[in-house]
Amino acid sequence: MIFELDLVRNIFIRDGREGINDNSDDMSKVVQKLKRIGKILELINQQVGVLETMTALDFLEFRNVLLPASGFQSKQFRLIEAKMGLKMEQRYKTEYYKHTRRGSLSEADLLEVNQAEGERTLKELIIEWLERMPFFDEEYWKDYKRTTQADSDERHKFWVDYRNAYQNSLSENEAGRLKEFDKVFFEEGRGDIPPAAMRAALFITIYRNLPIFQMPFELLNTLSEIDELLSNWRYRHFLMVRRMIGLRVGTGGTSGAGYLEGTVGQHYAFREITEVATFLIERSKRPNLPNTLKERVSFNL
Ligand code: HEM
């Protein structure tokens, strides 16, 4: 997984020149490598079931022999998280990383993880890629037929229409979502992702049927899938741990099952991308894109 992650990151950072080459097979390579990571995760999820055929009493027979080893020491696991984009301050119970004690990460390993965090993470590269989406240049929108009049010209006419359609899709008890829409796509962004990149992710998701967006959509979808599969592993591992050692503390010095359950809720790299679904509307309610743009983003043989 680390190898594939580095490979994908290097495609985005090739030759010091930023960005993916849209006229090459870069994008399909990225998607293919990420899908491979997904397959590995599927496999390790299945392994948990095999281990669970051992009973808690069986495990106790040799638990002492494992001391002071712990999964918490896994440098590779931390590197995967860091290279994907999870930062130290976003981790559950960061204090567990502050001291290097028995069963915890060694000082040298911690240093390496910090270094990986400081390099360009997959998440940062994806954000930059999303931010450079050029489809809102005026030249593509001259023949756009707007459906809503804007209060001001601050926002692109497409987004004024989309916001209106989104508002109409909200039920009474969801009315507050409109404020959230403004915040996410025009003011603050969401989590680590700035508004322009969030807009690009939403645009790709809504119009994923257009040829030029098929691969980008596949990429975003695969990122969500990886996050979900890693989260599945965390959850299955947590359930297994509770079954094996109940509420006893871990050999790595954490609270054990309680700590692991906390990581399931918090350790995601691409949560914002997955949650774009909050802001979707039905296909039939989408604004009609102008022909100039449609031609630009379709195969024109
Ligand atoms: C009976 C089997 C297992 C038990 C009882 C167990 C227990 C634990 C506990 C209690 C922790 C929390 C850290 C600590 O305080 O030690 C932990 C973390 C971890 N374990 Fe296991 N584990 C088991 C099997 C496995 C297996 C098979 C793997 C890998 C294939 C694994 C990988 C990890 C990793 C990567 C962490 C760090 C998770 C995180 O901090 O997010 N564990 N384990």
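The values are calculated or read from the model by the stated rules, or taken from the named source; none is laboratory data. None of these values were measured; they are calculated from a predicted model. Cβ atoms come from the backbone with ideal geometry, glycine included; neighbour counts cover every protein chain shown. Heads up: the accessible areas ignore ligands, DNA and RNA and are worked out on the full protein's heavy atoms, side chains in. Shrake-Rupley method; radii C 1.70, N 1.55, O 1.52, S 1.80 Å.
Being under 30 Å from SER255 (Cβ atoms) and assigned to a loop (DSSP other than H, G, I, E, B) is the requirement here; does ARG120 meet it?
On the way: under 30 Å from SER255 (Cβ atoms): no; assigned to a loop (DSSP other than H, G, I, E, B): yes.
No; evaluated as a whole, the condition is false for this residue.
In the set VAL50, VAL31, which member is in a helix (DSSP H, G or I) and in contact with a helix residue (DSSP H, G or I) (Cβ under 8 Å, 6 or more places away or on another chain)?
Details: VAL50 fails: in contact with a helix residue (DSSP H, G or I) (Cβ under 8 Å, 6 or more places away or on another chain).
Result of the check over VAL50, VAL31: VAL31.
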Scan of the range 138-172 for residues that are among the acidic types (Asp, Glu) and either part of a loop (DSSP other than H, G, I, E, B) or closer than 14 Å to ARG286 by Cβ (or both), ordered by number
ASP143, ASP151, ASP153, GLU154, ASP161
Filtering the range 248-261 down to residues that are of a type outside the set (S, T, N, Q) and farther than 19 Å from VAL48 by Cα, which residue is nearest to the ligand (Cβ to nearest atom)?
GLY252
Quick check on the range 116-134. Is at least one of its residues open to solvent by less than 40 Å² (accessible area, probe 1.4 Å) and within 16 Å of the ligand (Cβ to nearest atom)?
yes
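Residue-wise test of (1) open to solvent by 40 Å² or more (accessible area, probe 1.4 Å); (2) away from the ligand (no atom under 16 Å from the Cβ); (3) more than 23 Å from GLY265 (Cβ to Cβ); (4) in contact (Cβ under 8 Å) with a residue 24 or more places away in the chain.
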| residue | (1), (2), (3), (4) |
| --- | --- |
| PHE12 | no, yes, yes, yes |
| ASP25 | yes, yes, yes, no |
| GLN32 | yes, yes, yes, no |
| ILE37 | no, no, no, yes |
| ILE44 | yes, no, no, yes |
| PHE77 | yes, no, no, no |
| MET88 | no, no, no, yes |
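Here's the yes/no breakdown for (1) under 12 Å from the mean Cα position of the chain (by Cα); (2) over 21 Å from ILE2 (Cβ atoms); (3) open to solvent by 20 Å² or more (accessible area, probe 1.4 Å); (4) not polar (S, T, N, Q):
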{"site": "LEU230", "(1), (2), (3), (4)": "yes, no, no, yes"}
{"site": "HIS237", "(1), (2), (3), (4)": "no, no, yes, yes"}
{"site": "GLY246", "(1), (2), (3), (4)": "no, yes, yes, yes"}
{"site": "GLU261", "(1), (2), (3), (4)": "no, yes, yes, yes"}
{"site": "VAL264", "(1), (2), (3), (4)": "no, yes, yes, yes"}
{"site": "PHE279", "(1), (2), (3), (4)": "no, yes, no, yes"}
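Each row is one residue, and each column tells you yes or no for (1) in contact with a strand residue (DSSP E or B) (Cβ under 6 Å, 6 or more places away or on another chain); (2) closer than 21 Å to ARG91 by Cβ; (3) in a helix (DSSP H, G or I); (4) more than 9 Å from the ligand (Cβ to nearest atom).
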position	(1), (2), (3), (4)
ARG208	no, no, no, yes
MET215	no, no, yes, yes
LEU220	no, no, yes, yes
SER224	no, yes, yes, yes
SER231	no, yes, yes, yes
Qualifying positions in the range 46-65 - near the ligand (Cβ under 9 Å from one of its atoms) and either of a type outside the set (Phe, Trp, Tyr) or closer than 23 Å to THR263 by Cα (or both)
GLN47, VAL48, LEU51, GLU52, MET54, ALA56, ARG63
Only listed residue being out of contact with any strand residue (DSSP E or B) (no Cβ under 8 Å at 6 or more places or on another chain), loosely packed, with under 15 Cβ neighbours inside 10 Å and within 17 Å of THR278 (Cα to Cα), chosen from GLU138, GLU180:
GLU180
Only one of these conditions is not met by LEU202: (1) within 14 Å of the ligand (Cβ to nearest atom); (2) buried (at least 19 other Cβ atoms within 10 Å of the Cβ); (3) part of a helix (DSSP H, G or I); (4) not polar (S, T, N, Q). Which number is it?
(1)
Residue match in the range 214-221 (condition: open to solvent by less than 50 Å² (accessible area, probe 1.4 Å) and either in contact with a Phe, Trp or Tyr (Cβ under 7 Å, 6 or more places away or on another chain) or under 30 Å from MET54 (Cα atoms) (or both)):
no
